[in-house]
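Only one structure is covered here, and it is reproduced in the block below.
Nothing in this text is a laboratory measurement; each read-out follows from the coordinates by a stated rule. Keep in mind that this is a model prediction, so the values were computed, not measured. Counting neighbours? That spans all protein chains shown, and the Cβs are built from the backbone with ideal geometry, glycine included.
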Amino acid sequence: MDIYAKIVEIVALVFRLDSEQVRRMSADDSLATIGLDSLNCMEIVVNIEEEFSVAFHDEELLLDNLNTINKLCVMVSKKLELYTI
């Protein structure tokens, strides 16, 4: 499973962009550059939870923790490691 590719698809879906547009962004660019706010951040989180069968805890739901594709990938990777043990 390619976590990066799935997250790019989810971000593109939420922002109604072409996946290639999102892929061209640096993975460390703030998603605020394409309009990230608390509402669409939660939409991304819900889609990630459904796609990867993971759950985010309330204390993880800070915009600063979820505002780049890399941060989202790291968070999902850690959660998947926890679920496989």
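The table below gives the values:
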read-out	value
At 1.306 mPa s and 10 °C, Stokes diffusion of the stretch 1-47 via Kirkwood alpha-carbon radius, µm² per second	148
Farthest toward positive dipole pole in the stretch 13-77 [+1 Lys/Arg, -1 Asp/Glu at C-beta], among Ala32, Gln21, His57	Gln21
Solution diffusion estimate, µm²/s, Stokes-Einstein, the chain, Kirkwood Rh from C-alpha pairs, 4 °C, viscosity 1.567 mPa s	101
Magnitude of the charge dipole, the chain, Cβ model with Lys/Arg +1 and Asp/Glu -1, debye to 20	200
Pairwise centroid distance, computed over Cα atoms, of the stretch 27-82 with the stretch 8-24, Å	14
Cα long-axis angle, helix 38-52 against the chain (0 to 90 degrees, to the nearest 10)	50
Most to least packed among 6-19, 48-61 [average Cβ atoms within 10 Å]	6-19, 48-61
For the chain: relative contact order, % (alpha-carbon pairs under 8 angstrom, 6 or more apart)	37
Structure-based [θ]222 nm, the chain - -39500 (n - 2.57) summed over DSSP H runs of at least 4, per residue, nearest 500	-18500 deg cm²/dmol
